[in-house]
Amino acid sequence: MSAGRVAVVTGAGSGIGREVAVALLGQGWLVALAGRREAALRDTVAAAGREDSALVVPSDVTEDESVAGLFSTVRDRWGRLDLLVNNAGTFGPAGSVDELTPQQWRAVVDVNLTGMFLCAHHAVRAMRDQEPAGGRIINNGSISAHAPRPRSVAYTATKHAITGLTKSISLDGRGHGIACGQIDIGNAATEMTSGIARGAVQADGSTSPEPTFDAANVAEAVLYMAGLPLSANVQFLTLTATTMPFIGRG
């Protein structure tokens, strides 16, 4: 159990964020749930049945003022921050580099990269300045941080960038007792990935259904990463459906 330890989970209103928030609450964490849709965040709290340990903070990770307000609210409520699950993200529109408009590109970058930067920026400041100092950040990467799907240039580029962000935070955080790791997920069954099970475009241009796995398994992996002492860190963890196209994308 982790009674009294404080976590922020972004994108907590659905999918992996919801699973992780529910799991953390179930293990005794105090959890601030961040996302754009307040009703969805409250549904997550209801699913966990731990209203006394949850804090709903509607937030937009693309806006610095909103993210600053999120972490200020957490500090005012609980006085410290032990964990950021940097999860909010979007696939964005499908397209190759010649097809996406600059506006579509920026929209994906704003959520997937700038949003994670802003959350990490404020989390590290909080963890650095609190007493005792330290904490952990877990970034939600993707197997697209390693191997792209066809026509996914914006999503793939941002997920590759998250790997660099993770490494930089991990290195720069050492002097402040801050650990940073990344979980790369392939085909967890969520609303966001529902189309994959029906049929996903493959590297040869064909379309085939792909296997998925229970998103609760992701939450279990995050619990393991989060439960380690700050003297130990899972730098990168890859979790996929066993038979999905990934290794060689086949």
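Looking at segment 225-245, which of its residues are assigned to a loop (DSSP other than H, G, I, E, B), aliphatic (A, V, I, L, M) and crowded, with 17+ Cβ neighbours inside 10 Å? Residues satisfying the conditions are V234, A241, M244.
Looking only at segment 121-134, residues that are of a type in the set (A, V, I, L, M, F, W, C), surrounded by fewer than 23 Cβ atoms within 10 Å (Cβ to Cβ) and under 19 Å from the mean Cα position of the chain (by Cα) come to 2 in all. Residues that are of a type outside the set (V, I, T) and farther than 30 Å from R174 by Cβ occur in segment 227-244; there is at least one. For E191, the criteria (1) surrounded by 13 or more Cβ atoms within 10 Å (Cβ to Cβ); (2) within 16 Å of V20 (Cα to Cα) hold in every case but one, which is (1).
Residues in segment 199-216 that are under 18 Å from G248 (Cβ atoms), in contact with a helix residue (DSSP H, G or I) (Cβ under 7 Å, 6 or more places away or on another chain) and loosely packed, with under 13 Cβ neighbours inside 10 Å: none. For segment 1-43, a residue qualifies if it is within 16 Å of the chain's Cα centre (by Cα) and either at pLDDT below 95 or not hydrophobic (A, V, I, L, M, F, W, C) (or both), and the qualifying residues are T10, G11, G13, S14, G15, G17, R18, E19, G35, R36.
This table checks each residue for (1) among the β-branched types (V, I, T); (2) under 18 Å from T242 (Cβ atoms); (3) in contact with a Leu (Cβ under 6 Å, 6 or more places away or on another chain).
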residue	(1), (2), (3)
G175	no, no, no
A179	no, no, yes
I185	yes, yes, yes
T190	yes, yes, no
G195	no, no, no
A200	no, yes, no
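Of the residues making up segment 142-184, those that are crowded, with 19+ Cβ neighbours inside 10 Å and either of a type in the set (K, R) or at pLDDT below 95 (or both) are S142, I143, S144, A145, R149, S152, K159. Of everything listed in (1) modelled with pLDDT of 95 or more; (2) surrounded by 17 or more Cβ atoms within 10 Å (Cβ to Cβ); (3) more than 19 Å from V234 (Cα to Cα), the single unmet condition for I137 is (3).
Among the candidates A47, A39, A32, A68, single out the residue that is under 24 Å from I185 (Cβ atoms), free of Cβ contacts under 8 Å to residues at least 60 places away in the same chain and surrounded by fewer than 16 Cβ atoms within 10 Å (Cβ to Cβ). The conditions single out A47.
Here is a check on your reading of the model: is V222 in a loop (DSSP other than H, G, I, E, B), farther than 17 Å from L113 by Cβ, out of contact with any Ser or Thr (no Cβ under 9 Å at 6 or more places or on another chain) and not charged (D, E, K, R)? Let's see the steps before the verdict.
Working: in a loop (DSSP other than H, G, I, E, B): no; farther than 17 Å from L113 by Cβ: yes; out of contact with any Ser or Thr (no Cβ under 9 Å at 6 or more places or on another chain): yes; not charged (D, E, K, R): yes.
So V222 does not fit the description; no.
The values are calculated or read from the model by the stated rules, or taken from the named source; none is laboratory data. Note that the coordinates shown come from a computational prediction; the quantities given were computed from them, not determined experimentally. We place every Cβ from the backbone using ideal geometry, glycine too, and count neighbours over all the protein chains shown.
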